[in-house]
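The values are calculated or read from the model by the stated rules, or taken from the named source; none is laboratory data. Because the structure is a prediction, the values reported are computed rather than measured. Cβ sites come from the backbone with ideal geometry, for glycine too, and all protein chains shown count toward neighbours.
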Amino acid sequence: RSQIQTRIASPRSLSSVNFYVSPVNNRNIDDDHAVSNEKSQLKKLNDQFLSYIERVRLCETYNNCLTVHCEHIKNAQVCTKDKLDSLKQEFQEYQQERFNREQKDVELENDHNNDVEKQVNEYKNRRTFLQHEHELNRQQIIDMQQQSIDIQAKTEKLRFDYENFNDDSNHYRKQVSYYQLLKSSILDEISHQRDIHQCVQSDVDDLNRQKQLSIQAHEADAQAIEIQNDNIFYDLTTQFRLDGNEKNVLKQTLNEIREEYKKKDNEMREELHRKYLNQYNQHKKKLIDQNLIETNRETIERHHLSNELNALKDNRVLLRQKLTLVQEHYKQLEVNVQRELKRQKDMHEQYDHEIKKLSSSVQEYENLLGHNSLTLPSTIKDEVNKYRQLLEGSDQQIGLRQIVNKSNK
């Protein structure tokens, strides 16, 4: 009887229960399907454990019955030795059957433990892969932050170039206004010089008219003097009754006077003509010089204005091309920034989802371990601590939640 109780309540049976419970705690915390399988296996193991306890209770009841029966046999001494032998034989068969059953259970537990070790190795490999992926994601976040900084710097440079372009455009607009004012002033000066030319031309016309009047007056004076000379010659001839020699002398004297008058007249004519030509040439030279100066100035100004306008047109075309390139580059940068922001948002959502999954898995493991009355093995504690460290972080390593919080900031 003591042997029966010892085999029923031996630590070996408790260790088998621990083996049934411990694999459940080593399940993968990242897979919801695995968790549900673990729950079903836990339920199954609990049922097996309850059935096992029921069988133990039945065995205890049976042992109690045997004990009462043995006491009855000893007290009454009515049971024969044959019945005792049969009972011993039956009990030995029962023990042998139980031993075989427990041996089969041990073999099954060993197989199950091997499967659990394989799963643990898979979980370790999965954890290593997740850590490597975590490092890669962290490096990608750092690279994306650097790219974001570069994009911001390029955006600031483009904004600065755009402001410079606006300043240059305002400067060229002011220059165009200045050249338009200069053109207006040149046109006004040309109109003024044209008016001056018209005034000079009117003065020349007045001089020509004065010349013609002077010539006509001189011819009239010459005719009057001829008539007066003829009258004087006739009066002298009639009054003094000169003979032929005296008439010849008088005619000769008159001819000399006439010749001298003609000579003086020609000299006066030449002098007047020379003065007129000199004054006319001076006016003409002055007018020509002014026209040449104005023409050269106008030509130079027109050439200068044409060059400036062509340069402004070229600069305007270049600035428009630069503005088009800047706008296209700015649009491309906006598209890249939106794409990068969307990518970071998706990555953050993925991180949040992974963190929630890890948190829920750790919480489920903690709940399962909290409801279990058996002792938690050190290996399961290490696994749970490692997963918690991967999620929350430690002094030597940054957790996923801290990385996501930093990236959000």
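Exactly one condition in (1) under 30 Å from Arg209 (Cβ atoms); (2) modelled with pLDDT under 70; (3) not aromatic (Phe, Trp, Tyr) is not met by Asn266; state its number.
(2)
Which ones in segment 141-198 are free of Cβ contacts under 8 Å to residues at least 40 places away in the same chain, of a type outside the set (S, T, N, Q) and under 28 Å from Gln321 (Cβ atoms)?
If the condition is that a residue be free of Cβ contacts under 8 Å to residues at least 40 places away in the same chain, of a type outside the set (S, T, N, Q) and under 28 Å from Gln321 (Cβ atoms), then Asp150, Ala153, Glu156, Lys157, Arg159, Phe160, Glu163, Asp167, His171, Arg173, Lys174, Tyr178 are the ones that fit.
Matching residues to (1) surrounded by 13 or more Cβ atoms within 10 Å (Cβ to Cβ); (2) of a type in the set (D, E, K, R); (3) closer than 25 Å to Asp314 by Cβ; (4) within 36 Å of the chain's Cα centre (by Cα):
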position	(1), (2), (3), (4)
Gln146	no, no, no, yes
Asp150	no, yes, no, yes
Lys174	no, yes, yes, yes
Arg194	no, yes, no, no
His197	yes, no, no, no
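Just the residues that are among the basic types (Lys, Arg) and over 17 Å from Asp105 (Cβ atoms), please, taken from segment 30-58.
Across segment 30-58, the qualifying residues are Lys39, Lys43, Arg57.
Only one residue in Gln131, Gln119, Gln96 is under 30 Å from Cys59 (Cα atoms) and polar (S, T, N, Q), so which one is that?
None of the others qualify; the one that does is Gln96.
Please pick out the residue among Tyr234, Tyr261, Tyr179 that is at pLDDT below 75 and within 30 Å of Asn315 (Cβ to Cβ).
Just a single option satisfies the conditions, and that option is Tyr179.
So which of Ser13, Ser22 ends up being more than 60 Å from the chain's Cα centre (by Cα), modelled with pLDDT under 75, within 27 Å of Glu107 (Cα to Cα) and small (Gly, Ala, Ser)?
Ser13
Residue under question is Ile73, and the condition is that it be touching a Cys at 6+ places or on another chain (Cβ under 7 Å) and at pLDDT 50 or above; does it hold?
Details: touching a Cys at 6+ places or on another chain (Cβ under 7 Å): yes; at pLDDT 50 or above: yes.
Taking the combined requirement at face value, the residue satisfies it.
Any idea which residue in segment 110-141 is farthest from Glu38 (Cα to Cα), counting only those that are under 42 Å from the mean Cα position of the chain (by Cα) and surrounded by fewer than 11 Cβ atoms within 10 Å (Cβ to Cβ)?
The residue in question is Gln139.
Rundown of residues vs (1) in contact with a Ser or Thr (Cβ under 7 Å, 6 or more places away or on another chain); (2) closer than 30 Å to Gln338 by Cα; (3) of a type in the set (Lys, Arg); (4) at pLDDT below 75, yes/no style:
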site	(1), (2), (3), (4)
Asp82	no, no, no, yes
Asp111	no, no, no, no
Asn121	no, no, no, no
His132	no, yes, no, no
Glu135	no, yes, no, no
Gln145	no, yes, no, no
Gln152	no, yes, no, no
